[in-house]
Amino acid sequence: MTDSSTIPLDPDDLGALAEAGTATVTTQLFKLGLRNTFLAGLRTYGRPTKRMVGEAFTLRYIPAREDIDVLDVFDDYDHPQRLAVESVGPGQILVVDCRGEGRAASAGHILLTRLAARHAAGFVTDGTLRDIAGIDELPMPVYATGPAAMTNLALHHAVDVQLPIGCAGVAVYPGDVLLGDADGVVCVPRHLVAAIANPAREQEELESFLQQRVAGGAPLRGTYPPDEATMLAYRASTRPSAAAS
C-alpha cells in the first residue's frame, strides 16, 4: 500500500477545510463512498479561537500489565507517551487510541500544556483526561470522552507512535487530516483532502444562504434542496456588486 503521508498538503486546501464544518465534510466524504469517518462520542475541551484542522500524529495504547506499567517507567524520557508529545510538530494533532477505555486517563494537564507550547493543532483521544479543569483553559482544541482521575498506567500501555490506529471506531493513519468543531471530529484520508476541500467550502457557503432563506420563512420545497430559482438567487447573491467593481 502506498504511504499517503508523503502526499503534500496544500495550505489553501487546509484553509478551505477550516471554513467547513464537520457535518459538511462528512457529507462530502459520504459522496465518495466513505461512511465511517466521524469519531463519535467525543466532547470538546479547551478554549480554541478557531476550528481544529491538522495532520494526525498517532499514539497507540494496549491494555496495561501490572508488572510492567509502574510509575518508574515515567523516569524514561523516551517512554512512548512522552516521546509522542515531544515529537508532535506545529500544526499536527496528537491522536491517541485508548480502545474506548475511559476508567484511566490517557493524558493530563502538563502533557497537553506541553503540546500547546509546541504549537500543536490539537489533541484527540477516545479515552479520558485527568486535570480536566486546567485542560479546559488551554488555547488548544482538545477532544476526549470525559474526565478520569486515574493515571493512564493503571489501564494503558503506550506501545506505538506513527502507525495506523483506531480511534473512536475510525481508522486514523499518520498524516490523515482531522477537522474538529462543536459537533466533534472527522478524519479525512490525506489523499482525499484536495478532492473535497473546495467542494466542502462551497457547500458550506450554499447552506449558509439556504439557512438564511429558511429562517426568513421560505418553505423546504424549492429551498432545501434548492431548485433552479433558488440557485439563481444564490448565484446572484455571490456576484460582486456593481459598486464594488
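Based on every Cα atom in the chain, Rg and the maximum pairwise Cα distance Dmax equal 20.5, 75 Å.
Counting only other residues whose beta carbon sits under 12 Å from that of THR145, what net charge do I get with K and R as +1, D and E as -1? Can you show the working numbers first?
Working: positive: ARG43, ARG99, ARG103; negative: GLU101, ASP126.
Net local charge, THR145 excluded: +1.
Taking a probe of 1.4 Å, how large is the accessible area per residue of the chain, in Å²? Walk me through the numbers on the way to the answer.
Working: 12540 Å² over 245 residues.
On a per-residue basis, the chain sits at 51 Å².
When the inverse distances between all different Cα atoms of segment 111-170 are averaged and flipped, the Kirkwood radius reads 12.8 angstrom.
Principal-axis analysis of the Cα atoms of the chain puts helix 193-215 at an angle of about 60° to the longest axis.
With a cut-off of at most 13 other beta carbons within 10 Å, and DSSP calling the residue loop, which trypsin sites (Lys or Arg not before Pro) in segment 68-175 qualify? Please list them.
Numbers: sites: ARG82, ARG99, ARG103, ARG114, ARG118, ARG130; in loops: ARG99, ARG103, ARG118, ARG130.
Passing both the DSSP loop test and the Cβ count: ARG103.
When both bridge partners sit in segment 95-245, DSSP labels roughly 50% of those beta bridges antiparallel. Between the helical axis of 22-31 and the longest alpha-carbon principal axis of the chain there is an angle of about 80 degrees. Among the GluC sites (Glu not before Pro) within segment 19-96, those in coil by DSSP and having at most 12 neighbouring Cβ atoms inside 10 Å are GLU66. Any idea which of ALA197, VAL85, ALA149 is furthest toward the positive side of the dipole for the chain, if Lys and Arg beta-carbons carry +1 and Asp and Glu beta-carbons -1? Highest projection toward the positive end goes to ALA197. Summarising the amide proton neighbourhood of VAL185: residues at separation of 5 or more, or on other chains, whose placed amide H is nearer than 5 Å comprise LEU39. The C-alpha atoms of segment 181-237 occupy a region whose extents along the principal axes are 38, 24, 18 Å, arranged from largest to smallest.
The values are calculated or read from the model by the stated rules, or taken from the named source; none is laboratory data. Everything quoted here is computed from the prediction, not taken from an experiment. Because the Cβ atoms are built from the backbone with ideal geometry, glycine has one as well, and the counts that use them run over all protein chains shown. Ligands, DNA and RNA are stripped out before the accessible areas are found, and what is left, the full protein with its side chains, is counted by its heavy atoms. Shrake-Rupley method; radii C 1.70, N 1.55, O 1.52, S 1.80 Å.
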